[in-house]
1. Could you list all residues from the stretch 304-356 that are within 17 Å of T379 (Cβ to Cβ) and of a type in the set (S, T, N, Q)?
2. Restricting attention to the stretch 243-277, which residues are farther than 12 Å from L293 by Cβ and of a type in the set (S, T, Y)?
3. Could you tell me which numbered condition G387 fails, if it satisfies all but one of (1) more than 22 Å from M105 (Cα to Cα); (2) in a loop (DSSP other than H, G, I, E, B); (3) not acidic (D, E)?
4. State yes or no: is A395 in contact (Cβ under 8 Å) with a residue 24 or more places away in the chain, under 30 Å from I651 (Cα atoms) and more than 15 Å from the chain's Cα centre (by Cα)?
5. Which of the residues spanning the stretch 264-280 are at pLDDT 95 or above and farther than 22 Å from I68 by Cα?
6. Checking A530 against (1) touching a residue at least 60 places away in the same chain (Cβ under 8 Å); (2) in contact with a helix residue (DSSP H, G or I) (Cβ under 8 Å, 6 or more places away or on another chain), which single condition isn't satisfied?
7. Report yes if S136 is touching a Gly at 6+ places or on another chain (Cβ under 9 Å), over 24 Å from D94 (Cβ atoms) and in contact (Cβ under 8 Å) with a residue 40 or more places away in the chain, otherwise no.
8. Evaluate the following for W668: is it under 24 Å from V438 (Cα atoms) and aromatic (F, W, Y)?
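The values are calculated or read from the model by the stated rules, or taken from the named source; none is laboratory data. Source: prediction; values computed, not measured. Ideal geometry is used to build each Cβ from the backbone, glycine not excepted, and the neighbour counts take in all protein chains shown.
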Amino acid sequence: MLGTTLAEMEQTMRDPRHDILFEPLRIGPVTAKNRFYQVPHCNGGGYRDPSAAAEMRGVKAQGGWGVIFTEQCEIHHTSEITPFIELRLWEDKDIPMLAKMAGRMKEYGALAGIQLAYSGINGPNLYSKEVPRAVSAMPIRTFTHDPVQARALDREDIRDLRRWFVTAAKRAQHAGFDLICLYGAHGFGIFQHFLSRATNQRADAYGGSLENRSRFAREVIADMREAVGDTMGITLRVSLDESIGDLGFSNAELREYIEMNHDLPDLWDLAQGTWEDCSGPSRFKEEGAQEALVRGIRALTDKPVVGVGRFTSPDVMARMIHSGTLDAIGCARPSIADPFLPNKIEEGRSEDIRECIGCNICITGDMTMSISRCTQNPTFMEEWRKGWHPERMNAKGDSATVLVVGAGPAGLEATRALALRGYDVALAEAGRVLGGRVARERLLPGLSAWGRVADYRIHQIRQRPNVETYFDSKLDAQSILDFGFENVCIATGARWRRDGVSRQHVVPFAMDATMPIYTPDDIMEGRRPAGTVVIYDDDHYYMGGVLAELLRQDGHEVILVTPSAYLSDWTLNTLEQRAIHRRLAGLGVQIVLNRGVVGIKAGHVVTNCIYTDGLTEIGCDAVVIVAARREVNGLYHDLTARRVEWADAGIRSVRIIGDAEAPGPIAWATYAGHRYARDLDAADIGDALPFRREITGLAAS
């Protein structure tokens, strides 16, 4: 008898409980090879960085995804969402860019999907300067409240819009896509605008009853089926629940809609009604948070259903399908954190998955119109620009040993990636816990999932025989010179400032010595104030709000003062600012906006209005200052001061990375660690760009 084949061996490696995730799925005229469905997601590149976006999607194809979608693609110049940088399919000259993407997506057997969008009430047309068109005439809804209104689509406009969708579908077909997603969720797509009574106030055949509000989607899908339906699957992304009150498209009405139109698309793509709810961060949304809204919908239709929920556990994914809740597992953020998630499950390597932590740093790329980042996956959007692959490192250089000082996110990622390259790495940690800031912050309210940043890297490092980890190793320059390592990486982190220096104050301001002053480090290390606490937040990210929640849970009266017009205002970019405000207001935290702190006295702080400079005193027993962070870089400067001794000590390079070089979010630290590992022993490129970019060709005239 012949022995077991390699294919059979690989099959037996998979946990049989997960077999259902690898069954094919029919979607209209095409078939997905498995149930891993990368739903549309932004990336900050869009039409500006098409090759970067194409390679990012292509890497997911290598990673085993059965379906891979683009981000939203604008179908017509009369509805565009500048300044946001999405894809465009306005004319035939856009086809080659998209064809390149479709080709990369299909290279390993995945279905390539494109999401076609007409933004309607969300399209201010700042670039095209066209008058916006919407289902009903009303002000444009954008993140920046642009002072523009849309006119209502008339019957001729609707006929034009139907034709534009068909034209876009034909262009997508020509580009090589297998699937079309019609965008009608998150409040952003014209199909949701027709369905919702909040945005559809028409009195004609397209408004009023649910049947009338369904008419546009039925017409467009019928038009598309006639044009491309024998070769392309047509999916419809619809809102699970707008959650905006009686006028909103509710979960009950969605179910009625699907039952009424049960065979309308080839697949129903279900997503929460607002982007904030659908892509809520882990601080506020658990894995599978939309399950209750989805459960039972599958019984209303003959067509398959896909849903999302920041799925990271293969057990949860399999349960969603076994229970009949979903037919495919929709992932955006988890596919960014680990493009090889399907392959790792198939190979029985679930412990090697870089699980999404739900920090939403990826979304900030879209919100800031910049190339996106991922805290867990520093190669995201660098696959083409830098040639970085999430699972493969470049070959080792001509040196052999590296000392990494500091086991925070930068040091851990540098160690992991250096070990993969083949270097012998010593990781020296001054304390007895790996993880640095992550080890402390994961204990704060709502941030437990962030601990995955450390957990993943610690697990990977422990598998590597070429890494030695040393605890209780607070090193000085002489010790490092004595060790004889060829390369030294300083990743010693940063500490929160106690003197108030940040954005409002560029130098320390007056503080009475009798007032107890705390920093976030003090709180995370277990020191606690007494009585009423003022938190002065001039950091504007998550820390001030998280500490307010913690201290309020401890029973303190908390007053949070910030110079911004929004509490934790940078979290507008992570889609959690409103949730943070609601949470703290519900806990009884007093929120004081548009006021800074200009003095800390005995028993009170002095605040100033940022507009009038009018002063007000707020009584308190202690102050927590959430300001800037100061780099812990003394060891680095001690070493560089002794540069003349490096050669005799066998040292070839000393670098400082992460928060020790310049404090930033955790994603900046993991990126810094990865970049250090990639660049070690690389040739000096001088003034050349360290990444590739695409330049638009000039028109002939």
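1. Within the stretch 304-356, S335, N343 meet the criteria.
2. Y257, T274
3. G387 satisfies every listed condition except (1).
4. yes
5. Once the filter is applied, which keeps residues that are at pLDDT 95 or above and farther than 22 Å from I68 by Cα, the stretch 264-280 yields nothing.
6. Just one mismatch for A530, condition (2).
7. On the way: touching a Gly at 6+ places or on another chain (Cβ under 9 Å): yes; over 24 Å from D94 (Cβ atoms): yes; in contact (Cβ under 8 Å) with a residue 40 or more places away in the chain: yes.
So S136 passes the test.
8. Judged against the criteria, W668 is a match.
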